[in-house]
1. Collect the residues in region 54-100 that are part of a loop (DSSP other than H, G, I, E, B), charged (D, E, K, R) and either touching a residue at least 24 places away in the same chain (Cβ under 8 Å) or more than 15 Å from ligand 2 (Cβ to nearest atom) (or both), keeping them in residue-number order.
2. Exactly one condition in (1) within 27 Å of ALA63 (Cβ to Cβ); (2) modelled with pLDDT under 95 is not met by LEU146; state its number.
3. Within region 143-253, which helices (runs of 4 or more DSSP H) (wholly inside it) include 1 or more residues that are under 17 Å from the mean Cα position of the chain (by Cα) and under 27 Å from TRP120 (Cα atoms)?
4. Looking for something within 16 Å of ligand 1 (Cβ to nearest atom), within 18 Å of ALA122 (Cα to Cα) and touching a strand residue (DSSP E or B) at 6+ places or on another chain (Cβ under 7 Å) - is there at least one such residue anywhere in region 51-72?
5. Restricting region 24-50 to residues that are within 18 Å of VAL121 (Cβ to Cβ) and surrounded by fewer than 18 Cβ atoms within 10 Å (Cβ to Cβ), which is farthest from ligand 1 (Cβ to nearest atom)?
6. As an exercise: evaluate ALA114 against (1) within 16 Å of ligand 1 (Cβ to nearest atom); (2) assigned to a helix (DSSP H, G or I); (3) small (Gly, Ala, Ser); (4) without any contact (Cβ under 8 Å) to a residue 60 or more places away in the chain and give the number of the one condition it does not meet.
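The values are calculated or read from the model by the stated rules, or taken from the named source; none is laboratory data. Only a predicted model underlies this, so the values are computations on that prediction, with no experimental measurement involved. In this analysis, Cβ positions are derived from the backbone assuming ideal geometry, glycine residues included, and neighbour counts consider all displayed protein chains.
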Amino acid sequence: MASIVAHPVVERVSRLAATALDLTLPPRCIGCGSRIDANGLACAACWSRLNFIAPPLCIGCGAPFPVSIEGEHRCAVCYAAPPAYDRARAALVYDEGSRSLVLSFKHGDRLHAAPLFGAWVAQAGAELLADADIVIPVPLHRWRLLKRRYNQAALIAGEIAKRAKVTHIPDMLERHRATPSQSDLGPTARQRNVAGAFRLNPRHADRVKGSRIVLIDDVLTTGATVGACAKVLRRGGAARVDVLTLARVVLAD
Ligand SMILES: [Zn+2]
Ligand SMILES: [Zn+2]
């Protein structure tokens with residue numbers, strides 16, 4: 001009978017072992033992997049390459065405007081095709097400076113960066129979190145979750161929920177169809193790729209109705225993934241669906 005409970009126990013033990021290992025090895029930069037002093041997470045060179053997003057922003061998708069303007073405005077992209085979510089904000093521009101950091105978190109094992117990333121995203125999304133009811137991550141398909149062992153969006157969502165004192169429901173959405181990676185696809189193909197991939201977890205269907213939900217992902221590219229999730233949440237009766245990501249692509253003018 002012990003085998004039934006073995007999996008979570010083994011997982012917890014290996015996580016403890018990994019933490020102990022982290023403490024004995026010299027700390028490494030979460031961006032480039034070079035050795036750093038004990039108190040930091042990234043080396044000075046990696047820090048200096050990060051571009052944090054600051055106002056003025058599009059009030060819809062959160063894209064930074066290149067010049068300062070008075071009042072509240074939407075960008076041309078949001079005017080042309082209003083997104084399925086209400087508002088989106090991100091901490092960092094997804095560019096040469098942040099790519100390795102974001103990808104190492106996604107595919108590597110630098111999980112100790114989650115609290116820092118959560119703090120950055122919570123700060124970028126303070127306005128959206130102020131009156132939010134629930135924070136949820138974009139889900140991974142269970143096969144990918146098994147392979148990767150963790151959902152990077154859920155780690156960030158947990159940190160944000162703690163900071164903003166908002167309820168975190170990691171399994172409110174389910175990815176019931178495994179989708180090929182979005183990275184090589186154009187905007188239309190991305191939308192087709194994720195259409196119908198998500199559904200509401202029936203156990204939480206009641207919690208969606210009338211709720212102001214903040215959806216968390218690591219990177220906002222075309223918005224196809226969060227758009228597909230937002231549609232499902234809206235159909236489930238969500239009062240508002242906002243999006244927070246660690247980084248976002250910013251189109252050059
Ligand atoms: Zn570095
Ligand atoms: Zn916009």
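1. Step one: of region 54-100, the residues part of a loop (DSSP other than H, G, I, E, B) are 54-56, 58-63, 65-75, 81-87, 94-95.
Restricting the remaining residues to those that are charged (D, E, K, R) gives 70, 72, 74, 86-87, 95.
Passing the criteria: GLU70, ASP86, ARG87, ASP95.
2. All conditions are met except number (1).
3. Details: elements: 152-164, 187-194, 205-208, 224-235.
Result: 152-164, 224-235.
4. yes
5. LEU50
6. That leaves (1) as the condition not met.
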